[in-house]
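In what follows, a single structure is set out as structure tokens and then discussed.
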Amino acid sequence: MLAELFAVMAPVLAGAGLGFLWIRLGHPYPVDFVTRLVFNIGTPSLVLASLAGADIDADTFGRTMLATALVIITMGLATFAVAKLLRRDWRVLLSPMMYPNTGNMGLPVVLYAFGSAGFAYGITVMVTVSLFQFTLGSVLNSQGNPLKTLVKTPTVYAILISMVLLLTNTSLPPWLGNTVGLMSGFTVPLMLITLGVSLASIQVKSLRSGLGFSLVRIPLAAVAAWFIAGWVGLPPLAQGILVLQMCMPVAVFNYLFAQRARREPAYVASLVFCSTLLALIYLPILLALLMPSLGGE
């Protein structure tokens, strides 16, 4: 079991560690360019490549999206109680509560723990979280028209195409399947390296508050995901991956949102940094509980 856990966590640590060291050694890294590349080309290709040939029916795909949306909404409602407990403005905590790092960190962990069978569910959770960020997140952080943002998001079209393929039980033409497969190959490594770069670039002022938030959020997310997945009727593998994805650390994008909205970005930076460090402790434990029962690789 220890060898299996190390095999899952090693690529994540190596990728993020590479990005962290790259910045610490003083080398430049075009974060904006890489982020645009990953979100506009890599992620849509990854969605198409993973979902088009995945062993997942349209009904399960839809229920996984529904369950993810319900967990996000539940975490949003729980923000008011957590804000009272931590004596913080609920508007500052809302995004960190709702949007875990299901992309940069979640997808690699799911891929190496559960292989291609589980990766389709991991992608489904990630795109649902991203859709909420691009719409509701844009509204709450005053970043323009959310509908316009959604229309300009290539991942949305990749999801729609994938849903059509799932509903009609058809596959991508070989030339297109090979193309998106090739383009998707750089996405996960760049996600991990960019995560490390972001962590190295964030200035943390309060480790204690970041750890306190994580210790409250993680159990809430795990319980909410487990019960909602059971209530919606997800298969065991999808249920376990939903729990794993929603327990991921706070996404770096929440720090960027806080900076733009001027809502205590230094505090949100501590939430991102501390929750990511804490994930190195609790994720192996969570994987040790989930992998044997769900048939992880």
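Some values worked out for this structure:
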quantity	calculated
Only one of ILE41, ILE56 that is in a loop (DSSP other than H, G, I, E, B) and hydrophobic (A, V, I, L, M, F, W, C)	ILE56
Residue tally, condition crowded, with 17+ Cβ neighbours inside 10 Å and among the hydroxyl-bearing types (Ser, Thr, Tyr), over the range 146-192	6
Test for GLY212: is it touching a residue at least 24 places away in the same chain (Cβ under 8 Å) and not β-branched (Val, Ile, Thr)	yes
Residue check for LEU131: aliphatic (A, V, I, L, M), over 25 Å from LEU271 (Cβ atoms), modelled with pLDDT under 85 and outside any loop (DSSP other than H, G, I, E, B)	no
Test result for VAL250, in contact with a strand residue (DSSP E or B) (Cβ under 7 Å, 6 or more places away or on another chain) and modelled with pLDDT of 85 or more	yes
Number of positions in the range 230-254 that are more than 14 Å from VAL71 (Cα to Cα) and part of a helix (DSSP H, G or I)	5
Test: residue in the range 59-66 that is of a type in the set (S, T, N, Q), more than 15 Å from the chain's Cα centre (by Cα), in a helix (DSSP H, G or I) and modelled with pLDDT of 90 or more	no
Whichever residue in the range 119-139 is in contact with a Gly (Cβ under 8 Å, 6 or more places away or on another chain) and either hydroxyl-bearing (Ser, Thr, Tyr) or surrounded by fewer than 24 Cβ atoms within 10 Å (Cβ to Cβ) (or both) and, among such residues, is farthest from ALA52 (Cα to Cα)	SER138
Long-range neighbours under 8 Å by Cβ, at least six apart or interchain, first residue of a type in the set (Gly, Ala, Ser) within the range 69-86, second at pLDDT below 95 and outside any helix (DSSP H, G or I)	ALA83/ASP89
Which listed residue is surrounded by fewer than 16 Cβ atoms within 10 Å (Cβ to Cβ), within 17 Å of ILE159 (Cβ to Cβ) and acidic (Asp, Glu), from ASP59, ASP32, ASP89	ASP59
Any hit, the range 248-260, residues being surrounded by fewer than 23 Cβ atoms within 10 Å (Cβ to Cβ), of a type in the set (S, T, N, Q) and on the phi < 0 side of the Ramachandran plot	yes
Options PRO96, PRO44; residue that is crowded, with 16+ Cβ neighbours inside 10 Å and at pLDDT below 90	PRO44
Filter pass, LEU195 being part of a helix (DSSP H, G or I), at pLDDT below 85, over 30 Å from ALA7 (Cα atoms) and touching a helix residue (DSSP H, G or I) at 6+ places or on another chain (Cβ under 6 Å)	no
Odd one out for GLY26 among (1) part of a helix (DSSP H, G or I); (2) exposed (fewer than 15 other Cβ atoms within 10 Å of the Cβ)	(1)
Count - residues of the range 99-128 that are modelled with pLDDT of 85 or more and of a type in the set (S, T, N, Q)	4
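The values are calculated or read from the model by the stated rules, or taken from the named source; none is laboratory data. If you're wondering where the values come from, they're calculated on a predicted model, not measured in any experiment. Backbone-built Cβ (ideal geometry, glycine too); neighbour counts: all protein chains shown.
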